[in-house]
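The values are calculated or read from the model by the stated rules, or taken from the named source; none is laboratory data. Please read these numbers as outputs of a predicted model, since none were measured by experiment. Positions of Cβ are generated from backbone atoms using ideal geometry, with glycine treated the same way; all protein chains shown enter the neighbour counts.
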Amino acid sequence: MDITIPILILAIPLFMFLLLGLAGVKMSHKLAGTLGTLGMGTVLVLSYYTAFTYYFSGNPEFIDGTTRLQAVIFNHTWLQFTPALAIRIGFLLDPISAMMLIVIPTISFMVHVYSLGYMHGEKGFQRYYAFLSLFSFSMLGLVVATNIFQMYIFWELVGASSFLLIGFFYTLPSAVSACKKAFIVTRFADLGFLIGILVLSYFTHHLDFLPMTQNPQAVLASFEGVTFLGASGLTWALVLIFTGGMGKSAMLPLHIWLPDAMEGPTPVSALIHAATMVVAGVYLVARLFPLYMLEDAALMFITVVGAATAFYAAMVACAQIDIKRILAFSTISQIAFMMVSLGVASKNNVAIHEGLGYMASMFHLFTHAMFKALLFLGAGSLIHAVHSNNYTAMGGLRKYMPITHITFLIGCLAIAGIWPFAGFFSKDEILSACFANGTFWGIWMMMVAAMTAFYMFRMYFLVFWWDNPDYEKEHHGHLPHDPGFAMTFPLIFLGIVSIIAGFIPFGQLVTFDGHEYHIHIDWSIAGLSMGVAILSIAFSAWLYMKKNDKPRRMADSCRWLWTAANRRFYWDEIYLFITRRIIFDGICKPIAWFDRHIIDGTMDGFAYVTNKASYAIRGFQSGKVQMYIWWYLIGAVVLGIITAICVL
């Protein structure tokens, strides 16, 4: 493949960031938005060309039509530490990176187009498009990395980009707090990631993905005999690397930043939640999956964290009022689905021989990107119309916003797993992988899937049905309506994709070992899953389709549970207690007191004694010659007496 196109895929968004960031203030909003959108549109075309060429051109990507190769397009050595250990900047093309070359530019381009309408007239419009370009560049560089350190560099750039976009409305204290929270929490996770990289490279003596993933047994051999606290050195390295994914993908207990990230513009939420930052953790595990396959303990850790996170986030989503926060917790839960799918794909799972868990995780990553971007952009359309994030200010909007209503309904049906929408196919494969690993995990994730259908249609009925507020009175005679073409086009496009994406022969394009996996629906699982989802939707309709007091009575019957779920089970309060009461008050204040009174006090005491002594002896240097002679004579006499005593 020609090296020019891959370089342009990375260079164009970087150039647009520099252009709009440095010269954007001299441009009009229209020009800056048009340039940013055209730049991402060009990246979209080039990425599609690269991915489709990779998937469908035959040689050299295929071996006998069955096995797909990993192709390094370019790999420039940046820092050479030893003959074997170096940091390189390159472009790796394989099934999952080619898939991400479709996902990231598609969602990013839709967000660019949507923002032309949504962000129209906003102060800092040019800066906003510069940050979007930086975000896209960072994520593209992450997914095509040829080595784990290049991935880490772009991983941190993604974090910096999210900080800038979440805090875009920097005059709002809530936005400032949210971006700082996201940055600080993910920094702790990234420390674990960095330590894991150092441990892995110390024993393997290289950083490149291909040597590690193509010959995982050699990596295992390099850790032979290395243990710590009962676990192998490789297990510790992989778990530490996974902590970076826990932070970026908002897994328990590092999830607290993601709901607050809703303080950024709604299109940014679509970009972060659908195609970029939060899926980076899933992509990281998938990239190193041949190594994780060697360590069941690491995979079990991923499974437990993912399953707990999926259930927790679904519970919280059932009790939220802000529609963006409902979608945020939905994202946490769905990303956890992908993690569980990877975790259950252990070497003891018979389904792994067909690559089911791995393929299902990547398939759901692909479909979820489309319908979750659709749902967030739909939420932006609602907020744009009623100027509120809360469903309490909405209701009956299906009459006023038909395009938003239909496309939002498509997104809800897709995420609920209703046939023939995209989520049905990918979620069925995940549930099949879970049941193949064990009945417990299958039932657990089936329960989470049922909760997903409930909370999504709870939001749908409350927003589009329920009661119809007096919009004309509340909005000074203006009724809510669908936005203009710039905002409706992405909704329609993503709505269509959310319908047809499930029919893509994904298993023939993206698999664990490169061999084609022919997706076959297990109707014993899929039928049960869809039946449970339909019952959840029916229950949601019974509660929320028309205004009534059943939800209030149900909440009152278990007020403690409702309150706890609404307050996110007090995770923020727990963190505040730990940081303020234990770390700051219990540890930092005593240390500060010791530093101020003991360390500083001792130094101040030395200074005091020195000062007093200097005042006492300052007469010795009065400047009078007679006094100097007098002290000289006294010293000579004393010295003579001491000498005489010593001689005698």
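Looking at (1) closer than 28 Å to residue 446 by Cβ; (2) of a type in the set (Lys, Arg); (3) not assigned by TED's automatic domain parsing to the domain that holds residue 411, which is the one condition that is false for residue 589?
Only one criterion in (1) closer than 28 Å to residue 446 by Cβ; (2) of a type in the set (Lys, Arg); (3) not assigned by TED's automatic domain parsing to the domain that holds residue 411 is unmet by residue 589, namely (1).
Given the criterion of a type outside the set (Lys, Arg), part of a helix (DSSP H, G or I) and not assigned by TED's automatic domain parsing to the domain that holds residue 453, identify the matching residue among 598, 534. Before you say what the answer is, go through the steps one by one.
Values: 534 fails: not assigned by TED's automatic domain parsing to the domain that holds residue 453.
Answer to the selection: 598.
More than 30 Å from residue 308 (Cα to Cα) and among the charged types (D, E, K, R): is that true of residue 580 in this structure? Steps first, please.
Values: more than 30 Å from residue 308 (Cα to Cα): no; among the charged types (D, E, K, R): yes.
Spelling it out, it is not the case that residue 580 is more than 30 Å from residue 308 (Cα to Cα) and among the charged types (D, E, K, R).
Matching residues to (1) buried (at least 24 other Cβ atoms within 10 Å of the Cβ); (2) without any contact (Cβ under 8 Å) to a residue 24 or more places away in the chain:
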| site | (1), (2) |
| --- | --- |
| 370 | yes, no |
| 413 | yes, yes |
| 419 | no, no |
| 429 | yes, no |
| 435 | no, no |
| 463 | yes, no |
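Starting from the stretch 324-339, take each residue that is over 16 Å from residue 462 (Cβ atoms) and in contact (Cβ under 8 Å) with a residue 60 or more places away in the chain and list its partners that are among the hydroxyl-bearing types (Ser, Thr, Tyr) and part of a helix (DSSP H, G or I), counting only C-beta distances under 6 angstrom and pairs at least six apart or across chains.
Close Cβ pairs satisfying both conditions: 336/309; 338/361.
One line per residue, one yes/no per condition, for (1) within 30 Å of residue 30 (Cα to Cα); (2) touching a residue at least 40 places away in the same chain (Cβ under 8 Å):
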| position | (1), (2) |
| --- | --- |
| 479 | yes, yes |
| 495 | yes, yes |
| 518 | no, no |
| 534 | no, yes |
| 549 | no, no |
| 561 | no, no |
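Does residue 85 count as surrounded by 13 or more Cβ atoms within 10 Å (Cβ to Cβ) and either at pLDDT 80 or above or touching a Gly at 6+ places or on another chain (Cβ under 8 Å) (or both)? Steps first, please.
Details: surrounded by 13 or more Cβ atoms within 10 Å (Cβ to Cβ): yes; either at pLDDT 80 or above or touching a Gly at 6+ places or on another chain (Cβ under 8 Å) (or both): no.
No, not satisfied.
Restricting to the stretch 100-146, name every residue that is part of a loop (DSSP other than H, G, I, E, B) and within 28 Å of residue 387 (Cβ to Cβ). Lay out the reasoning, then the answer.
In the first step, residues of the stretch 100-146 are kept if they are part of a loop (DSSP other than H, G, I, E, B); the result is 119-124, 144-146.
If the condition is that a residue be part of a loop (DSSP other than H, G, I, E, B) and within 28 Å of residue 387 (Cβ to Cβ), then 119, 120, 121, 122, 123, 124 are the ones that fit.
Just checking, which of 536, 529, 557, 540 is of a type outside the set (Phe, Trp, Tyr), surrounded by 15 or more Cβ atoms within 10 Å (Cβ to Cβ) and over 30 Å from residue 356 (Cβ atoms)? If you could, list the steps in order and put the result at the bottom.
Details: 536 fails: over 30 Å from residue 356 (Cβ atoms); 529 fails: over 30 Å from residue 356 (Cβ atoms); 557 fails: surrounded by 15 or more Cβ atoms within 10 Å (Cβ to Cβ).
Answer to the selection: 540.
Which of (1) at positive phi; (2) buried (at least 24 other Cβ atoms within 10 Å of the Cβ) does residue 230 not meet, given it meets every other one?
Failed condition: (2).
Restricting attention to the stretch 448-457, does a residue exist that is modelled with pLDDT under 85 and buried (at least 19 other Cβ atoms within 10 Å of the Cβ)?
Residues of the stretch 448-457 that are modelled with pLDDT under 85, as a first pass: none.
Within the stretch 448-457, not a single residue is modelled with pLDDT under 85 and buried (at least 19 other Cβ atoms within 10 Å of the Cβ).
Within the stretch 373-402, restricting attention to residues that are part of a helix (DSSP H, G or I) and among the hydroxyl-bearing types (Ser, Thr, Tyr), which residue is farthest from residue 490 (Cα to Cα)?
Filtering first and then ranking leaves 392.
Just to be sure before I move on: is residue 282 within 17 Å of the chain's Cα centre (by Cα) and free of Cβ contacts under 8 Å to residues at least 60 places away in the same chain in the structure I sent? Steps first, please.
On the way: within 17 Å of the chain's Cα centre (by Cα): yes; free of Cβ contacts under 8 Å to residues at least 60 places away in the same chain: no.
Criteria not met by residue 282.
With 192, 225, 247, 196 as the choices, which residue is without any contact (Cβ under 8 Å) to a residue 12 or more places away in the chain and either assigned to a loop (DSSP other than H, G, I, E, B) or not assigned by TED's automatic domain parsing to the domain that holds residue 572 (or both)?
Details: 192 fails: without any contact (Cβ under 8 Å) to a residue 12 or more places away in the chain; 247 fails: without any contact (Cβ under 8 Å) to a residue 12 or more places away in the chain; 196 fails: without any contact (Cβ under 8 Å) to a residue 12 or more places away in the chain.
Result: 225 is the single residue among 192, 225, 247, 196 that is without any contact (Cβ under 8 Å) to a residue 12 or more places away in the chain and either assigned to a loop (DSSP other than H, G, I, E, B) or not assigned by TED's automatic domain parsing to the domain that holds residue 572 (or both).
Could you grab me the full set of residues in the stretch 306-323 that are buried (at least 24 other Cβ atoms within 10 Å of the Cβ) and either under 17 Å from the mean Cα position of the chain (by Cα) or free of Cβ contacts under 8 Å to residues at least 60 places away in the same chain (or both)?
Selection gives 306, 309, 310, 313.
Considering only the stretch 1-46, state which residues are free of Cβ contacts under 8 Å to residues at least 60 places away in the same chain, surrounded by 18 or more Cβ atoms within 10 Å (Cβ to Cβ) and of a type in the set (Gly, Ala, Ser).
none
Pick out the one residue from 514, 484 that is more than 20 Å from residue 432 (Cβ to Cβ) and in contact with a strand residue (DSSP E or B) (Cβ under 7 Å, 6 or more places away or on another chain). Before you say what the answer is, go through the steps one by one.
On the way: 484 fails: in contact with a strand residue (DSSP E or B) (Cβ under 7 Å, 6 or more places away or on another chain).
Just one listed residue meets the conditions, 514.
Being buried (at least 21 other Cβ atoms within 10 Å of the Cβ) and more than 22 Å from residue 91 (Cβ to Cβ), is that true of even one residue in the stretch 134-143? Break it down into steps so the answer makes sense when it comes.
First, the residues of the stretch 134-143 that are buried (at least 21 other Cβ atoms within 10 Å of the Cβ): 134-143.
In the following step, the residues that additionally are more than 22 Å from residue 91 (Cβ to Cβ) were identified as none.
Scanning the stretch 134-143, I find no residue that is buried (at least 21 other Cβ atoms within 10 Å of the Cβ) and more than 22 Å from residue 91 (Cβ to Cβ), so the answer is no.
Name the one entry in 615, 608 that is over 30 Å from residue 184 (Cα atoms), surrounded by 10 or more Cβ atoms within 10 Å (Cβ to Cβ) and either of a type in the set (Phe, Trp, Tyr) or out of contact with any Cys (no Cβ under 8 Å at 6 or more places or on another chain) (or both). Steps first, please.
Working: 615 fails: surrounded by 10 or more Cβ atoms within 10 Å (Cβ to Cβ).
Being over 30 Å from residue 184 (Cα atoms), surrounded by 10 or more Cβ atoms within 10 Å (Cβ to Cβ) and either of a type in the set (Phe, Trp, Tyr) or out of contact with any Cys (no Cβ under 8 Å at 6 or more places or on another chain) (or both) holds for just one of 615, 608, which is 608.
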